[in-house]
Structure formats: structure tokens, C-alpha cells
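The values are calculated or read from the model by the stated rules, or taken from the named source; none is laboratory data. No experiment lies behind these values; they were computed from the predicted model shown. Neighbour counts run over all protein chains shown; Cβ positions are idealised from the backbone, glycine included. To get the accessible areas, we keep the full protein, side chains included, count just its heavy atoms, and leave off ligands, DNA and RNA. Shrake-Rupley method; radii C 1.70, N 1.55, O 1.52, S 1.80 Å.
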Amino acid sequence: MRDVYIIGIGITTFTRLEYPLSEIAAYASMGALKDAGVTDVDYVLVANMGSARINNQSALASAVVDTLSLTPAGAVRIENGPASGASAIKEGFMAVASGMHDTVLVVGAERMREVNNLEATDFVATLTHPMAEYIYGVTLPGHAAMFTRLYMEKYGVTERHLAMVGVKNQNNAMLNKDAHLHQKITMDGILDSPEAFTNNPWVAEPIRFFDCCPVSDGGAALILASKEVAEASGKPMIRITGIGQATDTLAVHERPEPTDLMAVRIAAQRAYEMAGITAADIDVAELHDAFTILEIAESEEVGFFEKGTGHLALERGETAIDGKMPINPSGGLKGKGHPVGATGVAQVHEIVVQLRGDAGERQVKDARTGLACNFGGFGNNVVVSTYARED
Amino acid sequence: MEREVNAYKCRKCGTLHYPFRMVCKNCRANDYFEFDIEPLPKRGKLLTFTFIHNLPAQFEVARLGLGIVELENGIRVTGQVDIEDPTLGMDVVGNVEVVRHDTYDDRYGFVFRAA
Ligand SMILES: [Zn+2]
């Protein structure tokens, strides 16, 4: 396999965007092309979950490649639920590593605010098992709630720990101009004061409003390139060192141990094995905190902390930007936002910003290696990838 | 109307599956029509639960109870929970009822109540 580098990055602000989905994707792509200093690519991968249903547009990749005047480059839409973004990066990696292409544009985009929040939640819920889960009214917040209750019972995680993840990530998002939420929150405001639970009502007991990521529009893009192209670009040499993917049962109730996120664990092991590293070698991570409990659970399954101790590391401040294992300096899905198809690409956008040393006030000191965990379904399709700066 | 929620028993190795799958996850037997249909038992223990407050329009309730139940035969199912103040591990009994009204169809599934 050939080595694969990231030579360009681009992103839109994550918020409610009033322009068409294909233009959201194109805007992020133009940023990445400009950053890489290229005007042409061999292949275009477009990660998106909902265009056909939410935006009434199928075959999105054809629209994106045309909007960018990149025709006749090959173009494919990758739909893999909330893991669409990292799945597209993996396909792009393989396209360059195999020698088939030298320069690949990977862009993720979603425009979810075209429908109301309940419709968006119901749309995302269609990724659950149609007969054994979806018919009952199961939503992703519902899955996260049932998982959270078990985690609380088994490991002593409390509402306070969940709120701490939310406060940390929304405060990190304050330092990220592209983040969706620029609202500083405090433990007092969402947990401790008399009016806290008016500010922070139940979504699905025991999780509350500030345990959930917002519904966002947005796009993020990367230019992947061979070593030869990367060296010629003059950009920092950031290599994709490992990519692992794993799946688990579609119906959550079928898993032998319901507090396990097996697919996260195996995807991480596969990525580390490919990269020839361990969790201890990672300087900065972006984890898929669509719900606060997921940051805690994923931080354990990718190997940063022992199972059942992630909330204790959080309490000690280890996951803060200046902690031992900084997690979600971008604000994560919680603060930065979660335009579903864009998320996996946006996580890697942040890793590249960090490894380039361009993160400003949210810079993790001396970051040379990074990890991203893009969590699809409720843990049934997960991609973990690792990165290193080589120059 | 009485409906059943069924498990699927592999004819080669006897493993029970719920929900349905085409290939046995234990022995991976790969012949067509290799499962026998077996109605699931109705009694079990509540493993976890939630009350969802923001529901799609089809659900005309303010909050909806949902849970995962381990049935007497060890098979786990997701279902609706119609219990005011449930506790983890409590005994429940399921009844098969309409759980969702879609545009053209009523969907049947488990609703669990205290045993
Ligand atoms: Zn079998």
C-alpha cells in the first residue's frame, strides 16, 4: 500500500444554512482545494445520510462534482449512517493507497434544518432495526438513554458527569468560530441551580437537552494525496496512519453485554494495529459525542482509560484541552454540531488543524498524533482512524 | 386482535434469533428456509428503560416508555413500557398490541406492564 496524506482542509460554519445541500458540500470543498493549492482531483467522494429523504435530492455526488466543475472526475456518494464521513475517508484512503488515484476530494455534507427537529430525529431513527426497534418509537436519544441508565447503574456515572462533558465541549466550541453553539454553559445553569431543569429538560430520561448534540447543517472536506503529490504541495505532511472499521448487531438488544461498544473497541484495535501504535501514543482525539455518555464510553473503548473509568478521568480534567488526553477540542458534536454526513470528515478536519498547530486558543500543545472515532448507528458501524504529522 | 412476536430457531443447531436473520449467527448454516418459527414467551425482566419526551407525530402521547426486556428463554427484545415508575430488574409481562400507526398500517409489537 502507498502512504496517504491530507494536504487540504475546508469547512463551512455549522449552523442553519439557507443554501442548497450541493452548495454546502461545494463550499467546504472549495476551501479544501484552495488550501491544498489544487484545482483538479481524480476522484470525488461525497458523504451524506439524508439527501434523498430530507432534501429530495438523490445522486448527490453528481451534483457536487458538477457544481465544482470537476467533471469528468469519478464521483460517488457514500451513505453509511452517521459514520458516512469516515467511511468516505476510508474509501478515499484505499483509492490513493492502491495506486488507482493520486488526488481525492472527500467531502461530507448534510442539510437537516430543512425539516423540523422531530422530523430530523425520526429520519435518523430510520437507521434502527425496522421491525424490532423503529416501530416502537425508538430514537437515537432513546437508545442513548437506555445505554446511559445501564452505565450509571454499572459504573457509577451520574448526571453530574454527563453535564461535565457538555460544559467542557460547549466551552471548547466557544474557541471555534465554525462551531454551531456559541453559548457558554455552566454546571449551575444546567444542573445545580433551582431553574436548571427548566433550562435543561428531559429528552429521554435519564438524558437531558444539554446531553444531546444540536441538529446542524454543514459541510467539511479533505484533499487526500499520494506522498509525491503531498511533497510537491509544500503543505504539512499529515499522514493517515491507520483506519479500522467494525460492525455490531443492528438491534441493540441482541448484544451480549449491553454496556459494551464492541465495534468501537475492534475498530480502534484495527486502526492501532495498522498504524503500529497503541492508545498511549495519541496526543489529541475527536470522539463522537452525539450524546454526552458516548464521549465517556468511547474514551474507554478506544483504550484511553480502563472500562468504567472514563468518567473519573473526566473529573480529574484529563480530557480538557490542557489535560493528559485532550478530547474534542473542537467542541465535539455537542458544541460544534452534527450535520450527520459531515461529522466524520469534520472530526478529521479538526485533527489536521491541531497537528498543523493552527488551532489558536484551543490548540493542544505539541500535538503530533491524533485519533478520530466516527460512530454510526447506535454503535453498529464504527470507523476509527489515526493520524501523524511527519515533517 | 391477537398477534405474536416470533423468534426464529435454527434447524441445524437450535439457536434462537430475534429479530429474524437469513443466516444463523451461531453455525452460519446457509440453506434457505432453515428456521422454525417459535412464539416468544411473554414474561421477563426489565433490563433498562427510558421515557422519550420528543416523539414523532405518529405517537400521540406526551412521553413514551421504552425498554429492553430479557424474556424467560433468555432472548432479549425491545418494547414499549407502560409502567408508571419502573425499576431495573423488575418482573414484567408483555402483551402484543398496536405500537405505531403508520399511514397505511397499524404495527403490532410488545407492550410491557408490571407482572
Ligand atoms: Zn445454527
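Measure off, as a whole percent, the carbon and sulfur share of the 1.4 Å-probe accessible area of the protein assembly as shown, all protein chains present.
C and S atoms contribute 50 percent here.
With a 1.4 Å probe on protein heavy atoms only, work out how much accessible surface A and B bury together, total over both chains, in Å² to the nearest 100.
Result for this pair: about 2700 Å² buried.
Under 5 Å between amide H atoms, partner at least 5 residues away or on a different chain: which partners does B:Val99 have, H built in plane at 1.01 Å?
Under 5 Å from the amide H of B:Val99 lie the amide H atoms of B:Arg107, B:Tyr108, B:Gly109, each far enough along the sequence or on another chain.
Using a 1.4 Å probe on protein heavy atoms, which residues of region A:115-137 have at least 20 Å² less accessible area in the complex than alone?
Listed by number, the residues meeting the 20 Å² cut-off are A:Leu118, A:Asp122, A:His129, A:Met131, A:Ala132, A:Tyr134, A:Ile135, A:Tyr136, A:Gly137.
Could you derive backbone 3J(HN,Hα) for region A:47-61 from the dihedral phi with the Karplus parameters 6.51, -1.76 and 1.60 (θ = phi - 60°), listing whole Hz in sequence and x where the residue is Gly or Pro?
Once rounded to whole Hz, the list reads 8, 6, 9, x, 4, 5, 8, 7, 10, 6, 9, 9, 6, 4, 4.
Could you give the size of the charge dipole of the protein assembly as shown about its Cα centre, using +1 on the Cβ of each K and R and -1 on the Cβ of each D and E, expressed in debye and rounded to the nearest 20?
Computed charge dipole of the protein assembly as shown: roughly 440 debye.
Run the reach check for B:Lys25 against aspartates and glutamates, Cα to Cα strictly under 20 Å, same-chain hits fewer than 8 apart removed. What comes back?
A:Glu133, A:Asp248, A:Glu254, A:Glu257, A:Asp260, B:Glu34, B:Asp36, B:Glu38, B:Glu70
If you average the alpha carbon positions of region A:157-234 and of region B:1-77, how far apart do those two centres end up, in angstrom?
One Cα centre to the other: 34 Å.
Net charge near A:Tyr134: determine it from the other residues with C-beta under 10 Å of the C-beta of A:Tyr134, scoring Lys and Arg +1 and Asp and Glu -1.
Its environment carries a net charge of 0.
Can you give the net charge of the other residues whose Cβ lies under 11 Å from the Cβ of A:Leu261, counting K and R as +1 and D and E as -1?
Taking every Cβ under 11 Å from that of A:Leu261, the sum is -3.
Among the DSSP beta bridges whose two residues both lie in chain A, what percent are antiparallel, rounded to the nearest 5?
Expressed as a percentage, antiparallel bridges in chain A total about 70.
Quick one: what are the phi-derived ³J(HN,Hα) couplings along region A:86-93, Karplus 6.51/-1.76/1.60 with θ = phi - 60°, whole Hz, x for glycine and proline?
These are the phi-based 3J(HN,Hα) values: 5, 5, 5, 4, 5, 5, x, 4 Hz.
Rounded to whole Å, give me the distance from the Cα center of region A:28-92 to that of region A:295-367.
25
Work out how far the C-alpha atoms of chain A reach from end to end along every principal axis, then list the three figures in whole Å, largest first.
Taking the Cα atoms of chain A, the three principal extents are 57, 44, 39 Å.
Structure shown: which of A:Lys307/B:Lys45; A:Lys184/A:Lys336; A:Lys168/A:Lys336 lie over 18 Å apart, alpha-carbon to alpha-carbon?
From the list (A:Lys307/B:Lys45; A:Lys184/A:Lys336; A:Lys168/A:Lys336), the Cα-Cα distance tops 18 Å for A:Lys307/B:Lys45.
Taking the highest mean first, how do the peptides A:313-321, A:26-34 order by number of other beta carbon atoms within 10 angstrom per residue?
A:26-34, A:313-321
Find out how many positive minus negative residues lie around B:Asn30, taking Lys and Arg as positive, Asp and Glu as negative, among other residues whose Cβ is under 14 Å from that of B:Asn30.
+3
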